[in-house]
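Working notes for the structure below.
The values are calculated or read from the model by the stated rules, or taken from the named source; none is laboratory data. Small disclaimer: the values here were computed from a predicted structure and weren't measured. FYI the Cβ positions are ideal-geometry reconstructions off the backbone, even for glycines, and counts take in every protein chain you see. All accessible areas refer to the heavy atoms of the entire protein, side chains included, with ligands and DNA or RNA removed. Shrake-Rupley method; radii C 1.70, N 1.55, O 1.52, S 1.80 Å.
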Amino acid sequence: MMKLAVFASGSGSNFQALALAAKEERLQAEIALLVCDNSEAYAVKRAEQLNIPVFSFRAREYDNKAAFENEIVEKLKEAGVDLIVLAGYMRLIGPTLLNAFEKQIINIHPSLLPAFPGKNAIGQAWEKGVKITGVTVHFVDEGMDTGPIIAQEAVAVKKTDSLQSLTLAIQAAEHRVYPETIQLLIEKRTLEGSPYNDHQASIN
Ligand code: GAR
């Protein structure tokens, strides 16, 4: 079975949705490790409750990004991880991880990329008054929320929406789309007919 590592920095609701999908066998993968850059994050508590191993670290205790990413790569190899799934991991991935897991790192972002990359994407879209926003799953490269797009789902902004209700709608879409997309990747069905089909081929 494919082994995933989920990377999170905060609440970990996407991590939990993935763990639930794996338990219910909608996602035929094992979450072998949670990687978290904040040992106090709620994501870590969720992992403990779910009996999923955690590697947490503090970036400022290392000399540089390469130093902590080298340690992460070691943990990922030990755990036999095939695919890295970023879920609210609020750091740019550096060359150490990108080279060790080439084309095997994906991310979810709460907007229709390339619109509203970076932090607070839902708030940015809300402030602009967009009528349609959504979620994007994409391969990770050295940029911030860039990289080839794998899947998108639109979420309409309703006249009755508040920022809070829009946030809930987008989170619900994320929790559905991320496990579905990873399952399609595992089945190698996501990128047929896409210019990024060569990325697909590299997923184990
Ligand atoms: C999610 O909405 C995710 O798309 C977003 O952080 C949130 C994490 O929530 N990621 C980004 O904005 C990446 N640029 P969670 O910790 O509850 O899964």
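Need one number: % antiparallel among DSSP beta bridges in the chain, to the nearest 5.
Numbers: 11 of 28 bridges.
Here the antiparallel bridges make up roughly 40 percent for the chain.
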Item checked: the range 117-128 - phi-based ³J(HN,Hα) in whole Hz, Karplus 6.51/-1.76/1.60, Gly and Pro as x -> x, x, 6, 6, 4, 5, x, 4, 5, 4, 4, 6
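How high is the relative contact order of the range 22-136, given as a whole-number percent (alpha carbon pairs under 8 Å, six or more residues apart)?
Result for the range 22-136 is 18 percent.
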Next item on the list: Be a star and scan the range 99-130 for residues whose amide nitrogen sits under 17 Å from the point 7 Å along the Cα-to-Cβ vector of residue 3.
Entry: 100-102, 104-105
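At a 1.4 Å probe radius, carbon and sulfur cover how many percent of the accessible area of the chain?
Working: 5100 of 10190 Å².
Of all accessible area on the chain, carbon and sulfur atoms account for 50 percent.
What are the semi-axes of the equivalent ellipsoid of the range 105-156, taken as the square roots of 5 times the eigenvalues of the Cα gyration tensor, listed largest first and rounded to whole Å? If you can, show how the numbers build up before the last one.
Values: eigenvalues 72, 28, 9 Å².
Value: 19, 12, 7 Å, ordered largest first.
Mind checking the full-extension length gain between residue 28 and residue 63? Use 0.36 nm per residue of separation minus the Cα-Cα distance, one decimal, nm.
Values: separation 35, 0.36 × 35 = 12.60 nm, distance 3.76 nm.
Residue separation times 0.36 nm, minus the Cα-Cα distance, leaves 8.8 nm.
Taking Cα pairs under 8 Å and at least six residues apart, what relative contact order does the chain come out at, in percent? Can you show the working numbers first?
Values: 371 pairs, mean separation 40.6, N = 204.
Value for the chain: 20 percent.
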Check: In degrees between 0 and 90, to the nearest 10, how far off the longest principal axis of the chain does helix 65-78 point, with axes built from Cα atoms?
Finding: 70 degrees
Notebook entry, point to check: Cα-Cα over 23 Å: which of 3/23; 45/65; 103/128; 65/119; 65/103; 45/158?
Noted result: 45/65; 103/128; 45/158
Margin query: Rg and Dmax in Å for the chain, alpha carbons only: what are they?
Written below: 16.4, 50
Notebook entry, point to check: Between 164, 113, 62, whose Cα lies farthest towards the positive end of the dipole of the chain when Lys and Arg beta carbons carry +1 and Asp and Glu beta carbons carry -1, centred on the Cα centre?
Noted result: 164
Next item on the list: Collect residues whose amide H, placed 1.01 Å from N in the peptide plane, falls under 5 Å from the amide H of residue 31; neighbours closer than 5 in sequence don't count.
Entry: 4
